[in-house]
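Note sheet for the following structure.
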Amino acid sequence: MDKATVLLVDDEADLREALAEGLELAGHQVSAFAGAAGVAEHLARDLYGVLVTDIRMPKTDGLALMRHALEIDPALPVILITGHGDVPLAVEAMRSGAYDFMEKPFPVSRLANVIERALEKRRLVLENRILREQLAQRTGLEGRLVGRSPVMERLRGLVATLADTDADILIVGETGAGKEVVARALHEEGHRHGGPFVALNCGGLPAEVIESELFGHEQGAFTGASRQRIGKLEHAQGGTVFLDEIESMPLDLQVKLLRVIETRTIERLGSNKTIALDIRFLAATKDDLVVAGNEGRFRKDLFYRLNVVSVEVPPLRARKEDIPLLFHHLAREARARYRREIPDASPAFITGLMARDWPGNVRELRNVADRFVLGLESAEGPSGFEAGQSLAERVGAYERAVIQDELARNGGGLKATYEALGVSRKALYEKIRKYGLDREAPLAEG
């Protein structure tokens, strides 16, 4: 973003000049006005700045100017300068949307501190809006696998490489990390996108029916088989079969699945007729199948057959810089499902989301997004922090997220990052070590 602007409005020339000079010495860029005239052309929804205005002014007073500014953008920070008798009026104005008020006389340093806090809030508001706009423009893989972190860039690149092949793939990741999302992306971005995508949870079907579900059966094949049934594998002709929680499949069925994968043929239960299959297999697991194989819980030959190509889905805690963008993406999906408008998320709320460890990964974040859109989650935060976190832990989590986000925004450039954060090069290095941030990208200057 460009350098922030302080719009300073006061009809007292001496006070206006003193405030402008003091704020500029504090590092702010100031545009000063003797009255409301001329301010309107600087007010915009994308303004990275703050409005500081006196209340008592001839013609258009500060309250009228504030109302006009908030009509343009209700999230624009407005700081009111008040005389002693105007304090009740200023308090009422805060209920109408003012950010803060300063009672005369006050030191410039105090106003500068209030402006700093207001600008940080403004920056986050504008970034959230930009994220929403970016989401609206994203298509293809960027719209499916949302995120700007290096791990997500690598994941999208791998999916793009594999999507148009017929290679069978093992997708590995924690519960809720998005393994099925990756599977659907592999299907939709490849040449089989016109065929069926058949998802089967191997852990969600009773062992006695899973074989019939996969292979189908003929009429009379067993008690209760009153008519012929087409199995999931046959139904997926020309498309993709996604076997989720493959580690839960019974061992005897793993033998049969291995044969199907190798021969691309099946026989319905109760039939001797061989049916050729034109399908692609994608399997997903949250377990280490090497360990499961050594413990006798998973067939090693099936693992080696599936593990020709492996795709790892990172947990959400490994890409926290993606949380704001991903949250807005999930909120947009919730808006479509529930036909509700998305409330504005406060900077504190987004910061709270980034501070959590998300053991349930994207699935847990989706639940929060759903509750948020339904109005069941506070938009102000800081409920996003982990229960029991100390103040120091919360501040540390916020600082880590801010530094990581700034590094990503500057493409890993150290100089741009420490200048944007207003810290020294040495201080930035110390923070990178303290929080265990990725130091490979930031080593190059600029």
(request) Report, by residue number, each residue of segment 23-63 that is surrounded by 14 or more Cβ atoms within 10 Å (Cβ to Cβ) and over 38 Å from the mean Cα position of the chain (by Cα). (result) Ala32, Phe33, Ala34, Gly35, Ala36, Asp54, Ile55, Arg56, Met57, Thr60, Asp61, Gly62
(request) Being farther than 14 Å from Gly270 by Cα and among the charged types (D, E, K, R) is the filter here, so list the residues in segment 202-228 that pass it. (result) Glu208
(request) Check off (1) surrounded by fewer than 20 Cβ atoms within 10 Å (Cβ to Cβ); (2) over 17 Å from Val182 (Cα atoms) for Gly239 and give me the number that stays unchecked. (result) (2)
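Collect the residues in segment 1-57 that are of a type in the set (D, E, K, R) and in contact with a Gly (Cβ under 7 Å, 6 or more places away or on another chain), keeping them in residue-number order. Steps first, answer last, please.
Here is the first cut: in segment 1-57, the ones of a type in the set (D, E, K, R) are 2-3, 10-12, 14, 16-17, 21, 24, 41, 45-46, 54, 56.
Passing the criteria: Asp11, Asp54, Arg56.
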(request) Determine whether segment 99-113 contains at least one residue that is touching a helix residue (DSSP H, G or I) at 6+ places or on another chain (Cβ under 7 Å), outside any loop (DSSP other than H, G, I, E, B) and aromatic (Phe, Trp, Tyr). (result) yes
(request) Would you be able to say whether some residue in segment 42-53 is farther than 30 Å from Leu131 by Cβ and out of contact with any strand residue (DSSP E or B) (no Cβ under 6 Å at 6 or more places or on another chain)? (result) no
(request) Determine if segment 344-359 includes at least one residue that is over 13 Å from the mean Cα position of the chain (by Cα), over 20 Å from Ser149 (Cα atoms) and of a type in the set (D, E, K, R). (result) yes
(request) Only one of these is exposed (fewer than 13 other Cβ atoms within 10 Å of the Cβ) and among the hydroxyl-bearing types (Ser, Thr, Tyr): Thr263, Thr285, Thr351. Name it. (result) Thr263
(message) Taking the conditions exactly as written (at pLDDT below 95, over 25 Å from Phe197 (Cα atoms) and aliphatic (A, V, I, L, M)), does Ala334 satisfy them or not?
(response) no
(request) Give Gly178, Gly157, Gly216, Gly194 a once-over and let me know the one that is in contact (Cβ under 8 Å) with a residue 40 or more places away in the chain, loosely packed, with under 15 Cβ neighbours inside 10 Å and among the small types (Gly, Ala, Ser). (result) Gly194
(request) Kindly list, by first and then second residue, each pair from a residue in segment 91-103 that is outside the structural domain of Ala75 (by TED's automatic domain parsing) to a residue that is surrounded by 15 or more Cβ atoms within 10 Å (Cβ to Cβ) and among the basic types (Lys, Arg), limited to pairs with Cβ atoms under 6 Å and residues at least 6 apart or on different chains. (result) none
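Out of Val362, Val311, I need the residue that is surrounded by fewer than 21 Cβ atoms within 10 Å (Cβ to Cβ) and touching a residue at least 60 places away in the same chain (Cβ under 8 Å). Which one? I'd like the intermediate steps shown before the answer.
Details: Val362 fails: surrounded by fewer than 21 Cβ atoms within 10 Å (Cβ to Cβ).
Exactly one of Val362, Val311 is surrounded by fewer than 21 Cβ atoms within 10 Å (Cβ to Cβ) and touching a residue at least 60 places away in the same chain (Cβ under 8 Å), namely Val311.
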(request) Restrict the check to segment 118-131 and report whether at least one residue is outside any helix (DSSP H, G or I) and crowded, with 17+ Cβ neighbours inside 10 Å. (result) no
(message) Can you report the number of residues in segment 1-51 which are farther than 30 Å from Ala416 by Cβ and part of a helix (DSSP H, G or I)?
(response) 9
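So which residues in segment 268-282 are surrounded by fewer than 18 Cβ atoms within 10 Å (Cβ to Cβ) and either more than 44 Å from the chain's Cα centre (by Cα) or touching a residue at least 24 places away in the same chain (Cβ under 8 Å) (or both)? If you could, list the steps in order and put the result at the bottom.
Filtering segment 268-282 for residues surrounded by fewer than 18 Cβ atoms within 10 Å (Cβ to Cβ) gives 269-276, 278.
Residues satisfying the conditions are Leu269, Gly270, Ser271, Asn272, Lys273, Thr274, Ile275, Asp278.
Out of Phe298, Phe303, I need the residue that is of a type in the set (Phe, Trp, Tyr), on the phi < 0 side of the Ramachandran plot, surrounded by 14 or more Cβ atoms within 10 Å (Cβ to Cβ) and not in a loop (DSSP other than H, G, I, E, B). Which one? First the steps, then the outcome.
On the way: Phe298 fails: not in a loop (DSSP other than H, G, I, E, B).
It is Phe303.
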(message) For Ala163, only one of the following conditions fails: (1) farther than 19 Å from Leu15 by Cα; (2) in contact (Cβ under 8 Å) with a residue 40 or more places away in the chain. What is its number?
(response) (2)
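The values are calculated or read from the model by the stated rules, or taken from the named source; none is laboratory data. This is a predicted model, so every value here is computed, not measured. Note: ideal-geometry Cβ built from the backbone for every residue, glycine included; neighbour counts use all protein chains shown.
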